[in-house]
Amino acid sequence: HMRAVVVGSPDYLRRHGVPRQPADLKSHRAIGFMIEGQDRSGWNFAGARTGSPPAERLVVNSNDVKVAAAVAGQGLARALAYQVTDEVRDGRLRVVLKKHEPPPVPVHLVYPAGRSAPAKVREFVRFASERLRALPVLQGRGLEPARRGARDA
């Protein structure tokens, strides 16, 4: 299962405060992400949307740039857990609004069903499934700071 999280750098959170509720995002800067046709009307939280997204200081179309901007203190960013695992573990980003996260979504490998799938497809699915199941971040673990005493907001 994959978590969608909101993250910010420790420096950004010191300067602007830690949001405790989705409504607090109105007073925060955000790093937006846009792809063609994407709905940008709000951020999802546990089955609900914020009334309006936080003010987007920067809008990008690359997840790597979004994460780098968040690390640089440019605002809060929404990301999938695997996109920010190293930065959270290293203390460069903190997860906020954890209690308000939408439910994790399952990760699927989709391929033609039955024995008609070529052997190489079946082998890849077996290989990929084992690798994905072994990733702590897909098991709800591994998105904690490495240093003792640090905690998610």
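Please treat every number below as a calculation from the coordinates, not as lab data. From a predicted model like this one, the values you see are computed outputs, not experimental measurements. Quick reminder, even Gly has a Cβ in these numbers, built from the backbone with ideal geometry, and neighbours come from all protein chains shown.
Once R0 is set to 35 Å, what does the formula 1/(1 + (r/R0)^6) return for the Cβ-Cβ distance between K120 and A68, expressed as a FRET efficiency to the nearest 0.05?
Here the calculated transfer efficiency is 0.45.
Need one number: nm distance between label points at R133 and N61, each 7 Å from Cα along Cα→Cβ, rounded to one decimal.
For R133 paired with N61, the spin-label model returns 3.8 nm.
Give me the number: length gained by fully extending L109 to K26, i.e. 0.36 nm times residue separation minus the C-alpha to C-alpha distance, one decimal in nm.
Stretched fully, the L109-K26 segment lengthens by 26.2 nm.
Extension gain N44-R14, at 0.36 nm per residue separation less the Cα-Cα distance, in nm?
Stretched fully, the N44-R14 segment lengthens by 8.4 nm.
Show me 98-107, 2-11, 63-72 ranked by packing, highest mean number of other Cβ atoms within 10 Å first.
Top to bottom by mean Cβ count within 10 Å: 2-11, 63-72, 98-107.
Tell me which aspartates and glutamates have Cα within less than 13 Å of K99's Cα, excluding those fewer than 8 residues away on the same chain?
In chain and number order, the partners are D152.
Which length gain, in nm to one decimal place, applies between K99 and D86 when the Cα-Cα distance is subtracted from 0.36 nm times their residue separation?
2.6 nm
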